[in-house]
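The values are calculated or read from the model by the stated rules, or taken from the named source; none is laboratory data. No experiment lies behind these values; they were computed from the predicted model shown. Neighbour counts run over all protein chains shown; Cβ positions are idealised from the backbone, glycine included. Heavy atoms of the whole protein, side chains included, go into the accessibility calculation; ligands, DNA and RNA do not. Shrake-Rupley method; radii C 1.70, N 1.55, O 1.52, S 1.80 Å.
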Amino acid sequence: MNSNIFGSQRREPPKKALAIRKIAFTEIYAPDNAVDAQQQASRCLSCGSPFCEWRCPLHNPISKWLRLAAEGKIIEAAELSHHTNSLPEICGRVCPQEKLCELACVLNDTTGSITIGHIERYINDAAFAMGWRPNLSHISPVNKRVAIVGAGPAGLSCADVLIRNGVNVVVFDKHPEIGGLLTFGIPSFKLEKELMIQRREIFTEMGIQFQLNTEVGIDVSLDELLCSYDAIFIGTGTYQAIRGNLPKKSIQGVFEALPYLIANTRHLMQLPISKNEPYVNLHSKRVIVLGGGDTAMDCVRTAIRQGAKQVSCLYRRDEQSMPASQKEVANALEEGTQFHFNIQVTEFVVNEQQQLIGVYATRTQNGELENGRYQVEPLEDSTFFIETDTIIVAYGFAPHNQTWLEKPLIKRDKYGHILANRNSRFPFQTSQEKVFAGGDIIRGSDLVVTAVADGRNAAEGILLFLEV
Ligand code: SF4
């Protein structure tokens, strides 16, 4: 890739973009072996003000498992990390730690924060490799059954807490493997697919039953589940692409981020390709990804691996406002992505065969701050043309159409998010008393760790409701 989207001559990335190349301390000191992990963990001062634990959405007892890791007690550390986190080996890999636990580490301003995410990943990988598995032999079964709809991080963590309390749990998912977007949305170069297969085996050994390739609303109705189970948890996520002001009609060469990523993963896993998510190979294409979140970074990095001729990321706001995690932006930049900020695509341009040949875009500036984000203000007379044959829209996601939520009625807001009260007597209960919900379907697209926290908290609500 040796040209940029504004012309054939190579241009250096803008100065601002270079700033994001600073590699975080955590990447330099990623512990790959026991000695590294012990050294990193022993840097913890046990400062007595565990800001890191409060910044973690799961309030993981970080300083305690760091101490165990420093002492070489890997099994004990993994055991403890499972008390608050149902997917610690996953969160250790995909959490934006620089915005969460590691941001709050008191060493951040001096020698650099402890590599908390990497250690969480290490202790669990190492414990699994040694054959350690959660031990539930002391748990007595209770005579309750709960159905979980969706095997993503919210559903899995809800199932994990319930099974640890003796509840019989069955998880339904339309995909052939568990994980939801962890398996099908996050590319394999970022999260190894074997991890979720290992997780399914661990959860199955713990007693969780999975009914995969089973779509609620098509293969089984909500009514049937309500008749057969004492409670239901819905964690189906949000899959509908947000298109902003862009035209909604389908154009050859314009793709949505999730179907593109999902089909690529299914292709790599040699699973049947679904009709709604056809496989797209961007080899030798000029690709522009619209958006500035982690999904946009997944798209640019996937396109690069497919052999795209040129890959650019256009973001509507400035670099500082980009929601993607620093390490993902640094990776995308290092792999050859060109970043352009304060540019908004307004129109697709097609040829006579209705194939994309370019886009019109305007330059923008940050406007008023609203709900913590700058509004996008287009600059007058700044419209220009960019030649391209491929656009991937990665503006974020809204709830997809789930008509099965209408009978019996599960109340939703005007955007389609399920209304589930986090602070009610039974946290995360919906308008149907037996139905609970959590994760992206109640709060909109958010982090994996937030979905894990919702699933765990909803499980507490279900246990209260079932009087377990
Ligand atoms: Fe940090 Fe995420 Fe682990 Fe919490 S779950 S300690 S935020 S890496």
Taking placed amide H atoms and a strict 5 Å upper bound, the residues 5 or more places from residue 256 or on another chain that come that close are 393
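Nothing charged except the Cβ atoms of Lys and Arg (+1) and of Asp and Glu (-1): what's the magnitude of the dipole of segment 100-169 about its Cα centre? Round to the nearest 20 debye.
Working: 5 positive and 5 negative charges, 104 e Å.
Its charge dipole is roughly 500 debye.
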At q = 0.13, 0.16, 0.20 Å⁻¹, what is the log10 ratio I(q)/I(0) for segment 59-174, with the Debye formula run over Cα points and no solvent?
-> -0.59, -0.83, -1.11
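In segment 369-402, which GluC sites (Glu not before Pro) are in a loop and have at most 15 other Cβ atoms within 10 Å, using DSSP for the loop call?
Numbers: sites: 370, 380, 387; in loops: 380.
Qualifying residues, ordered by number: 380.
Could you report segment 196-345's accessible area per residue, 1.4 Å probe, as an integer in Å²?
Working: 6130 Å² over 150 residues.
In whole numbers, segment 196-345 has 41 Å² accessible per residue.
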Considering amide H positions built from the backbone, and no H for Pro or chain starts, which residues 5 or more places from residue 148, or on another chain, come under 5 Å of its amide H?
-> 170, 171, 172, 233
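Given the DSSP H assignment, sum -39500 (n - 2.57) over each helix run of at least 4 residues in the chain and divide by its residue total; what's the result at 222 nm in deg cm²/dmol, nearest 500? Write down the numbers at each step before the final one.
On the way: 18 runs with 159 residues, N = 468.
Helices in the chain give a 222 nm mean residue ellipticity of -9500 deg cm²/dmol.
Which of the GluC sites (Glu not before Pro) found in segment 28-123 are loop residues per DSSP with 16 or fewer other Cβ atoms within 10 Å of their Cβ?
Values: sites: 53, 71, 76, 79, 89, 98, 102, 120; in loops: 71.
Answer in residue order: 71.
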Whole-Å distance, taken between Cα centres, linking segment 112-161 and segment 79-108 = 14
Segment 157-216, convex hull of Cα, quarter of hull surface, nm² -> 4.1
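Write down the percent of antiparallel bridges among all DSSP beta bridges whose residues are both part of segment 317-409, to the nearest 5. Can you show the working numbers first?
Numbers: 16 of 16 bridges.
Percent antiparallel among DSSP bridges in segment 317-409 is about 100.
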For residue 276, put the label point 7 Å out on the Cα→Cβ axis and report which residues of segment 429-453 keep their amide N under 18 Å from it.
-> 440-442, 445
Given q = 0.10 Å⁻¹, what are the Debye log10 I(q)/I(0) values for the chain, with equal point scatterers placed on the Cα positions and solvent ignored?
-> -0.79
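How big is the dipole moment of the chain about its Cα centre under a simple scheme where the beta carbon of each Lys and Arg is +1, that of each Asp and Glu is -1, and everything else is neutral? Debye, nearest 20, please.
On the way: 47 positive and 52 negative charges, 58 e Å.
The dipole magnitude comes to about 280 debye.
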Can you work out ³J(HN,Hα) from phi for every residue in segment 281-290, in order, using Karplus 6.51 cos²θ - 1.76 cosθ + 1.60 and θ = phi - 60°, giving whole Hz and x for Gly and Pro?
-> 9, 9, 4, 6, 8, 9, 10, 10, 9, 9
Any trypsin sites (Lys or Arg not before Pro) in segment 262-321 that lie in a DSSP loop and have at most 13 other Cβ atoms within 10 Å would be 275
Simple spin-label estimate for residue 267/residue 35, 7 Å along Cα→Cβ, in nm, reads 4.3
Rounded to the nearest Å, what's the spacing between the alpha carbon centres of segment 207-231 and segment 314-337? Just the number, please.
-> 40
For segment 230-387, what proportion of DSSP beta bridges, expressed in % and rounded to the nearest 5, is antiparallel?
-> 65
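At 1.4 Å probe size, with the rest of the protein present, what percent of the exposed accessible area of the chain is carbon and sulfur atoms?
On the way: 10110 of 21220 Å².
Here it works out to 48 percent.
Anything in the chain that counts as a DSSP H helix reaching 18 Å or more along its axis (C-alpha) with Kyte-Doolittle mean of at least -0.5? List them, would you? Intermediate results must be reported in sequence, preceding the final value.
Numbers: long enough: 116-129 (20 Å, 0.13); 193-206 (20 Å, -0.59); 448-466 (27 Å, 1.16).
Qualifying helices, which must be both long enough and hydrophobic enough, are 116-129, 448-466.
Would you mind putting 434-440, 34-40 in packing order, based on average other-beta-carbon counts within 10 Å, highest first? Mind dumping the intermediate values first?
On the way: 434-440: 28.0, 34-40: 16.7.
Put in order of decreasing packing, that is 434-440, 34-40.
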Antiparallel DSSP beta bridges within the chain, as percent of all bridges there, nearest 5 = 40
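At 0.36 nm per residue, and after removing the present C-alpha to C-alpha distance, how many nm does the segment from residue 218 to residue 411 gain when stretched out fully? Intermediate results must be reported in sequence, preceding the final value.
Values: separation 193, 0.36 × 193 = 69.48 nm, distance 2.00 nm.
Working it through step by step, the gained length comes to 67.5 nm.
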Amide H partners (placed H, <5 Å) of residue 237, local residues excluded | 440, 441
Whole-percent pair-distance distribution, where bins are 5 Å wide, for the alpha carbons of segment 267-350 = 3, 14, 23, 21, 18, 12, 6, 2, 0
